[in-house]
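The values are calculated or read from the model by the stated rules, or taken from the named source; none is laboratory data. Predicted, not measured: the structure shown is a model, and the values here were computed from it. As a convention, Cβ positions derive from the backbone with ideal geometry for all residues, glycine included, and neighbour counts pool all protein chains shown.
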């Protein structure tokens, strides 16, 4: 190990100064015998000299040597690299890289054996770890991290001191720490390294600790005195009786049980005319008769006897099943166990925080999708099934703008107000043409807006096609805010969260602090009275509906950044949006916030219980909501008094 | 009573007569009699349309007469289809498996048979275990019972919960839509035990009638559908006339007033909701053997909304209106989407109806809601002037 260390250091010194203007061929000729017929013991001299020479062409030579591409010309003993192009062998000069036609010269192939090739590989790692090109160094470190091996520890540690890049140096030190923890020479070294790792939540650290804690399952009649015992398995709890018995069979401690398939095969093999073992074939349609026939065959010694249930239980009971650490030193495994437990606790904690963040971002998406609805449905009481299509229109607006404005930041800045304007206009038009006539027939509003919804959806399909269109986010929204290895949240989700908050404030401001808001609330509570106060209810309804639709358009741009833009994207959100408004409590923006939070957190919570199945999570969430509405029909934030009247 | 019922509902006699004539004509012109003017596939389309009319009648009763805009009746229709589909699929697979096992030298054990059937049915979702809900799939009688019981019980429980908490109007619609969505999402899962996205297939092959030609089978189902439609028409017409019908329509017009008059509104609504759900389940059980395949997409909330569209276009509050709507829209829809309608060339753009049909349907639906709330059925009012 020290040799490798000094070797790498000397290589570094020489690389920078490159004192000797020697050619590679010269060095090889000095050690011609060792190069031509290398052995595990003699090769190190050559490698030392090559590394010491600091020649840039040494690296490709080493690779070629390892890959058995080096040949020796018998006439003068010179070494070349041979390549074969179009069936013709060509020789490459090792120093100049010049091509020489091989002709019919006598060439001797250099064939290093496995041990030598490993030694060359180690030397190569040193070259790469100290390569002046940072990309190659990075690649070498990644290669080590992918397949850790004891032999890599020396070169890696040696290269740490000379590492110029601070980031890569940290990575190398961390990797060296992992290697020491796994392959260190003394238990003290390893325990120290393990303790060093214990603050690290990353997946590879956990993998390293798990490798140290790897166990073999074993079975014997009594527990062994020696060895590093991890756990004694209890039958029925840690291991099922069936698994325990098959382990006994695998260890040749018990006879193999005869499976149903084996019985069938044995019966087929010993079929004798119309019967097997004295039982007619036509009766062999049940397990009982098949067992009887098989037992008869066993009595005749034609097949191995069946193992009875009692014999199996007895065999299992007579043995101890346990797990044994591969690592023999208990102090190391104890330290690793303690470190892993510590890490797992903090990982679990971080995961909870991460889940909370996920839920928060899902809640803000639901909130965004539902907030426009909270105005049209919640405040005005108009069911707008085409609300989802307004979201879709907003998203497509963003897509179209991006076709004309290539700069993503600018295009988003243009798209947001444009989406508002377009969906505002669409909303006003819909209110004027359709909804105005149906204010006293809410169920028919539902149906008419549904008709508009399918028409708009199909229209979008006709214009933009069925495939998903991308809405690319600006670069500064790429990536994620990373707190540690477990907690991370993408900037887009943060942006959506901020946008949701912004919307909440804007809407509260408009409804509570502006003339329009006052008039909206007046018209909602009592249109007749409002009209006699000089408010034009028609105009207010139109404006309110336009506002709700316009907000849906902006939400569409935001949702489009996060998900794909398709003609069906609105339909995906519509039911959830209505749920959000209904669960939260109709007629109240705070209610929508509460509803979105409840649904978002609930869905993430259920997904966490059953992570493989988001469909199930949605199913259970909807069932929960249906039940919830049974007990709080007016939602979380229920209006009281006159405003609550339907 | 019978006399009053018929004199109150002259449409029943006309409808039954028309249905009978239609059934007989189709049967005579089908391939079974050798005339072959109506192809087997069109007989199936007509049979399916009859089933859709049946579920449309159910929808009309619950919405047009009782005022409950249920967006879940197509879910009940789907449940009926799944219930019968389980038996069809099980029995057919059992037949295939038994044939292939019979050629083996040893007679199979019950466990081997069940394993082989399970493999055939659930192989696509990576399983061979029979889920608990398939426990009675081998029993036609139990599965037929399920066609009625599962939608009925679901509607009973759901309706009881919803009506008890006085969830009405649009809230109820959204709640029923949520129920439908939950059911569809559940069915979409691979581990729901109903083959997830693949659904149940091969339902057009009726076990025990493998030798019978599809022409005969489809005519049999067509006639059965016609009978079911006729029976449901009479049944529902009887329910919505008389005292019960008056109360139900009173609930639609002013629920609070009916309650103040001393009627237990919730019981009436629950009765209507459950009965129509059962009818929808039966319609589904007749529909899917003709369609041949059922998958969760059929149960999706959109289907239930289309059901409302049919009824609205046909004319709410009159049973024949629902039938007209279902027949008219579903046949028109398959004509347009099947490429039957000629494309319109505007010079600068060609309107292809396969693409534009939904736009047309959506817009005409808006127009009907706005300007013809009585739907197509309303036209009859101009023809038949009631003596006032």
Residue A:440 fails exactly one of (1) outside any helix (DSSP H, G or I); (2) more than 14 Å from chain B (Cβ to nearest Cβ); (3) surrounded by fewer than 22 Cβ atoms within 10 Å (Cβ to Cβ), namely (2)
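Would you please name the residue that is nearest to residue A:459 (Cα to Cα), looking only at residues in the range A:378-394 that are at pLDDT 85 or above and not in a helix (DSSP H, G or I)? Break it down stepwise before answering.
Taking the range A:378-394 first, the residues at pLDDT 85 or above are A:384-394.
Okay, now just the ones that are also not in a helix (DSSP H, G or I), so A:384-386.
On the way: A:384: 18, A:385: 16, A:386: 13 Å.
Ranking the candidates gives A:386 first.
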Confirm whether residue B:283 is within 30 Å of residue B:197 (Cα to Cα), away from chain A (no Cβ under 14 Å) and modelled with pLDDT of 95 or more.
-> yes
Here the qualifying pairs (Cβ atoms under 7 Å; residues six or more apart or on different chains; first in the range A:177-198 and without any contact (Cβ under 8 Å) to a residue 60 or more places away in the chain; second assigned to a helix (DSSP H, G or I) and surrounded by fewer than 16 Cβ atoms within 10 Å (Cβ to Cβ)) come out as A:180/A:189; A:182/A:211; A:183/A:150
Quickly run through the range B:121-157 and pick out the residues that are within 14 Å of chain A (Cβ to nearest Cβ) and either touching a residue at least 24 places away in the same chain (Cβ under 8 Å) or touching a strand residue (DSSP E or B) at 6+ places or on another chain (Cβ under 9 Å) (or both).
-> B:125, B:126, B:154, B:155
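Here is a yes/no grid of residues against (1) within 11 Å of another protein chain (Cβ to nearest Cβ); (2) under 20 Å from the mean Cα position of the chain (by Cα):
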position: B:312; (1), (2): yes, yes
position: B:321; (1), (2): no, yes
position: B:325; (1), (2): no, yes
position: B:348; (1), (2): no, no
position: B:357; (1), (2): yes, no
position: B:382; (1), (2): no, no
Identify the residue in the range B:101-120 that is in contact with a helix residue (DSSP H, G or I) (Cβ under 8 Å, 6 or more places away or on another chain) and over 17 Å from residue A:260 (Cα atoms) and, among all such residues, is nearest to the other protein chains (Cβ to nearest Cβ).
-> B:117
Within the range A:153-174, the count of residues that are surrounded by 15 or more Cβ atoms within 10 Å (Cβ to Cβ), in contact (Cβ under 8 Å) with a residue 24 or more places away in the chain and more than 26 Å from residue A:334 (Cβ to Cβ) comes to 10
Which one of the conditions (1) surrounded by fewer than 22 Cβ atoms within 10 Å (Cβ to Cβ); (2) under 30 Å from residue B:41 (Cα atoms) does residue B:307 fail to meet, given that it meets all the rest?
-> (1)
Regarding residue A:455, is this residue more than 10 Å from chain B (Cβ to nearest Cβ), in contact with a helix residue (DSSP H, G or I) (Cβ under 9 Å, 6 or more places away or on another chain) and within 20 Å of residue B:356 (Cβ to Cβ)?
-> no
Tell me, yes or no, whether the range B:365-379 has at least one residue that is away from chain A (no Cβ under 14 Å), over 30 Å from residue B:80 (Cα atoms) and either part of a helix (DSSP H, G or I) or touching a strand residue (DSSP E or B) at 6+ places or on another chain (Cβ under 9 Å) (or both).
-> yes
Within the range A:256-285, how many residues turn out to be over 22 Å from residue A:242 (Cα atoms) and at the interface with chain B (Cβ under 7 Å from one of its Cβ atoms)?
-> 7
With the condition kept exactly as written, say whether any residue in the range B:300-310 is more than 14 Å from chain A (Cβ to nearest Cβ) and closer than 30 Å to residue B:216 by Cα.
-> no
Single unsatisfied condition, residue A:282 versus (1) surrounded by 15 or more Cβ atoms within 10 Å (Cβ to Cβ); (2) outside any loop (DSSP other than H, G, I, E, B) | (1)
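Would you confirm, using the coordinates I've provided, whether residue A:329 is more than 30 Å from residue A:575 (Cβ to Cβ) and in contact with a helix residue (DSSP H, G or I) (Cβ under 7 Å, 6 or more places away or on another chain)?
On the way: more than 30 Å from residue A:575 (Cβ to Cβ): yes; in contact with a helix residue (DSSP H, G or I) (Cβ under 7 Å, 6 or more places away or on another chain): yes.
Considered against the rule, which asks whether it is more than 30 Å from residue A:575 (Cβ to Cβ) and in contact with a helix residue (DSSP H, G or I) (Cβ under 7 Å, 6 or more places away or on another chain), residue A:329 comes out as yes.
Look at the range A:458-469 and say how many of its residues are out of contact with any helix residue (DSSP H, G or I) (no Cβ under 7 Å at 6 or more places or on another chain) and more than 8 Å from chain B (Cβ to nearest Cβ). Lay out the reasoning, then the answer.
Here is the first cut: in the range A:458-469, the ones out of contact with any helix residue (DSSP H, G or I) (no Cβ under 7 Å at 6 or more places or on another chain) are A:461, A:463, A:465-468.
In the following step, the residues that additionally are more than 8 Å from chain B (Cβ to nearest Cβ) were identified as A:463, A:465-468.
Selection size over the range A:458-469: 5.
For a quick check of your reading: which helices (runs of 4 or more DSSP H) sit entirely within the range A:285-377 and have at least 2 residues that are without any contact (Cβ under 8 Å) to a residue 60 or more places away in the chain and touching a strand residue (DSSP E or B) at 6+ places or on another chain (Cβ under 7 Å)? Walk me through how you get there before you give the answer.
Details: elements: A:287-299, A:309-317, A:330-373.
It comes to A:287-299.
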In the range B:88-128, how many residues are over 30 Å from residue A:269 (Cα atoms) and crowded, with 19+ Cβ neighbours inside 10 Å?
-> 7
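Is the range B:325-347 home to any residue that is under 30 Å from residue B:231 (Cα atoms) and assigned to a loop (DSSP other than H, G, I, E, B)?
Residues of the range B:325-347 that are under 30 Å from residue B:231 (Cα atoms), as a first pass: B:325-335.
From what's left, assigned to a loop (DSSP other than H, G, I, E, B): none.
Within the range B:325-347 (the criterion being under 30 Å from residue B:231 (Cα atoms) and assigned to a loop (DSSP other than H, G, I, E, B)), the answer is no, since none of the residues qualifies.
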Wholly within the range A:477-546, which helices (runs of 4 or more DSSP H) include no fewer than the required count, namely at least 2 residues that are in contact with a strand residue (DSSP E or B) (Cβ under 7 Å, 6 or more places away or on another chain) and surrounded by fewer than 19 Cβ atoms within 10 Å (Cβ to Cβ)?
-> A:491-513
In the range A:175-216, which residues are surrounded by fewer than 18 Cβ atoms within 10 Å (Cβ to Cβ) and part of a helix (DSSP H, G or I)?
-> A:183, A:187, A:188, A:189, A:192, A:195, A:196, A:203, A:204, A:207, A:210, A:211
